[in-house]
Amino acid sequence: MESDGSRRVSDLGTLKAFGHPLRMKLYRALYIARQATASQLAEQVDEAVSLVSYHLRKLADHGLIEEADRAGRDGRERWWQPASKGLRFYDEDFSDAPETAATHSAVSRLSFDQQAEMYRRHLDASRSWPAEWRRASFGSEYLARLTAGELGALASEMDALVRRYEEQARAREEAGDTEHRENVAFHLYGFPFRT
């Protein structure tokens, strides 16, 4: 586990287990909910409870999620929670062989496609949000000439900033400040390119 509480995924089996479209959606939904049952998650992803239960068990088999210390009303319902404060995937962990590099690229593309689809849905529904949310929402593109070291430092600073806001928001919510809170996605990419 990384010092910030996130898990660095560095083995091919776990990468492949996570790299399923429904499992990515379930992990994201569970991360936001903090704790949920298969039934609750099935409603969110519009899939059968039995299928969701199967995929949750696969995520659990690889230590990505775990059972929560919370019993269902009748004692039969399993509650799940993320096993860490997020997941990290680094190219360097999957560059030793063509199969691992290809799998890492495929999982990264799938993740990006799901993130782009989330943003498309937001754009399609943006007029339905109150004005304060429309003003607060943003999309930006920054172009700079940096070294690899500078890009890495920027990534670390951005990560620390976002995690600080996330932790503050969770603490406030746990203290009862739940009014006007919404799920917020923040996607940021930093990569070299040539024109």
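The values are calculated or read from the model by the stated rules, or taken from the named source; none is laboratory data. This structure is a prediction, so every number in the text was calculated from the model and none was measured. Note that each Cβ is placed from the backbone with ideal geometry, even for glycine, and that neighbours are counted across all protein chains shown. Heavy atoms of the whole protein, side chains included, go into the accessibility calculation; ligands, DNA and RNA do not. Shrake-Rupley method; radii C 1.70, N 1.55, O 1.52, S 1.80 Å.
In the set (1) surrounded by 19 or more Cβ atoms within 10 Å (Cβ to Cβ); (2) farther than 28 Å from Asp159 by Cβ; (3) of a type in the set (Ser, Thr, Tyr), the condition left unmet by Ser84 is number (2). When we screen Glu166, Glu132, Glu150, Glu141 for residues that are open to solvent by less than 70 Å² (accessible area, probe 1.4 Å) and either touching a strand residue (DSSP E or B) at 6+ places or on another chain (Cβ under 9 Å) or of a type in the set (D, E, K, R) (or both), the only hit is Glu166.
Residues to consider are Glu166, Glu132, Glu141; find the one that is under 22 Å from Ala33 (Cβ atoms) and either free of Cβ contacts under 8 Å to residues at least 24 places away in the same chain or in a helix (DSSP H, G or I) (or both). It would help to see each step written out before you state the result.
Values: Glu132 fails: under 22 Å from Ala33 (Cβ atoms); Glu141 fails: under 22 Å from Ala33 (Cβ atoms).
Unique residue meeting the criteria: Glu166.
Kindly establish whether Glu77 is open to solvent by 40 Å² or more (accessible area, probe 1.4 Å), within 13 Å of Tyr27 (Cβ to Cβ), in contact with a strand residue (DSSP E or B) (Cβ under 7 Å, 6 or more places away or on another chain) and free of Cβ contacts under 8 Å to residues at least 60 places away in the same chain. No, not satisfied. One residue stands out in segment 30-57 among those that are assigned to a helix (DSSP H, G or I) and in contact with a strand residue (DSSP E or B) (Cβ under 7 Å, 6 or more places away or on another chain): the one that is farthest from Arg181 (Cα to Cα), namely Leu56.
The single condition among (1) modelled with pLDDT under 95; (2) under 22 Å from the mean Cα position of the chain (by Cα) that Leu151 does not satisfy is (1).
Arg172 meets each of the listed conditions (1) of a type in the set (D, E, K, R); (2) exposed (fewer than 10 other Cβ atoms within 10 Å of the Cβ); (3) without any contact (Cβ under 8 Å) to a residue 12 or more places away in the chain apart from (2).
Rundown of residues vs (1) assigned to a loop (DSSP other than H, G, I, E, B); (2) of a type in the set (Val, Ile, Thr), yes/no style:
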site	(1), (2)
Thr14	no, yes
Met24	no, no
Leu59	no, no
Glu66	no, no
Glu77	yes, no
